[in-house]
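Visitor: Can you read through this structure? Questions will come right after.
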Amino acid sequence: MKKHLNTHEILLPSSLIRTLGTKRIVLSGGEPRLHPKLPQIIAHYRKIVDSVVIISNGYNLNRRDIDMLIQYGATGIAVSVDSVDPQESLLTRRTQLRIHRQLISNLKEIGKNKKGFELGINSVVSSVTANSKTVRGLLEFGQSINADYVKFQPIFNDGYVGTIAPQLMLNSSHSNELSKISTILGTFDHPLSNPPEFWKNLSDLSLGKSLDPQSCNIQKHSIVTKKNLGICYWLTNSSFGDATKLNAGTIQKTRANFEKAKTECKVEFHCFCTQPLSHIWSSGGKLEDDGNN
């Protein structure tokens, strides 16, 4: 049985949040909506920053739930949807057909009247969904529900996927289709989403080509996992340390260490997950990101 984190592991002091220059808090899980102290958690951060967003699987999410999140102080929700095709969703997340159909129906209803509430879609690109038909279908669906964004990120081997579902991993056999996606995105209107170059980056990486780690653009991002605060989840020397005991004076030093560490880092599929929506990886040492998150 999984346990919820205690609030003292989740609620960072306002002084730390402001020292880090944080403008946006994203609560993920697990499933944040199941946490018994969610109202308290949202209210705490909403007093400090202007934007508090929930990442959710969206199961049983309806208009009443959105109104409740707004009442708590949340400003948006990002729902995990890999495909509008229920069969593909079953293959990727083992989402039962009935649940998937209800999720799609609920999102359509929510999109009719968002009341200024941010609505986004997070989609994991796997061997099942790495095709132009699925991507286009999800973008068109996002447009139909007035989504503020549809963000794609590639699947990566976190230890669990590689063991339980290795068939979902991306490899060189998907390169041509990923490259094809990059060429078709300019042919129709779609919600704010990853640039065409993102798909070319994935295609290159699936072929084993190298991407320049210095074009990583998460210097201003901070990730907290069980009290540990870091810039990059996968580099231990980019950690600020225990978030509950952090000395604000170490922030500048840690960021400088990260700048040095990433020059020797190897870009992998997991590196895409925390990048800004507009990010483009460089293969020649030149930072090409336009800076718009």
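Visitor: Using Cα pairs under 8 angstrom and six or more residues apart, how large is the relative contact order of the range 7-208, in percent? Walk me through the numbers before you get to the answer.
Guide: Working: 309 pairs, mean separation 31.5, N = 202.
Computed value for the range 7-208: 16 percent relative contact order.
Visitor: Taking trypsin sites (Lys or Arg not before Pro) as exposed when DSSP calls them loop (any state but H, G, I, E, B) and at most 13 other Cβ atoms lie within 10 Å, what is the longest stretch of the chain free of them, the sites themselves excluded?
Guide: Working: sites that count: K2, K3, K23, K47, R94, K112, K115, K209, K220, K226, K245, K266, K286.
In short, 116-208.
Visitor: What residues have an amide H closer than 5 Å to that of S282, excluding those fewer than 5 places away on the same chain, when H is modeled at 1.01 Å from N in the peptide plane?
Guide: D212, S215, E288
Visitor: Could you pull out the pairs from K37/K245; K200/K226; K47/K245 whose alpha carbons sit more than 28 Å apart here? Intermediate values should be presented prior to the final figure.
Guide: Values: K37/K245 22 Å; K200/K226 34 Å; K47/K245 21 Å.
Over 28 Å Cα-Cα: K200/K226.
Visitor: Can you work out the Karplus-derived ³J(HN,Hα) for every residue in the range 5-19? Use 6.51 cos²θ - 1.76 cosθ + 1.60 with θ = phi - 60°, whole Hz, and x for glycine or proline.
Guide: With coefficients 6.51, -1.76 and 1.60, one gets 5, 5, 4, 5, 8, 9, 8, 7, x, 4, 4, 5, 4, 6, 5 Hz.
Visitor: Please rank W281, W234, fewest neighbouring Cβ atoms within 10 Å first, as an exposure proxy.
Guide: On the way: W281 25, W234 14.
Ordered from fewest to most neighbouring Cβ atoms within 10 Å, W281, W234 come out as W234, W281.
Visitor: In the set (1) 73, 41, 32; (2) 49, 49, 37; (3) 47, 43, 40, which value of Cα extents along the principal axes in Å was calculated from the structure you see?
Guide: Among (1) 73, 41, 32; (2) 49, 49, 37; (3) 47, 43, 40, the one derived from this structure is (2).
Visitor: Here is a further query. Go ahead and estimate [θ] at 222 nm for the chain from helices alone: -39,500 (n - 2.57) per DSSP H run with n ≥ 4, summed, over the residue count, rounded to 500. Write down the numbers at each step before the final one.
Guide: On the way: 11 runs with 101 residues, N = 293.
Mean residue ellipticity at 222 nm (helix-derived): -10000 deg cm²/dmol.
Visitor: When a footprinting reagent is the concern and you count Cβ atoms within 10 Å, what order do I164, I55 take, fewest first?
Guide: Details: I164 9, I55 20.
Result, fewest neighbours first: I164, I55.
Visitor: Also, quick follow-up: Rank the residues T129, T263 as a footprinting-exposure proxy: fewest other Cβ atoms within 10 Å of their Cβ go first.
Guide: Working: T129 23, T263 11.
Taking fewest neighbouring Cβ atoms as first place, the list is T263, T129.
Visitor: Can you list the chymotrypsin sites (Phe, Trp or Tyr not before Pro) in the range 130-173 that are in a DSSP coil and have 15 or fewer other beta carbons within 10 angstrom?
Guide: Numbers: sites: F141, Y149, F152, F156, Y160; in loops: F156, Y160.
Those satisfying the criteria are Y160.
Bear in mind that the values in this text are calculations on the coordinates, not laboratory data. Just so you know, these numbers come straight off a predicted model, no measurement behind them. All Cβ positions, glycine included, derive from the backbone under ideal geometry; neighbour counts span all protein chains shown.
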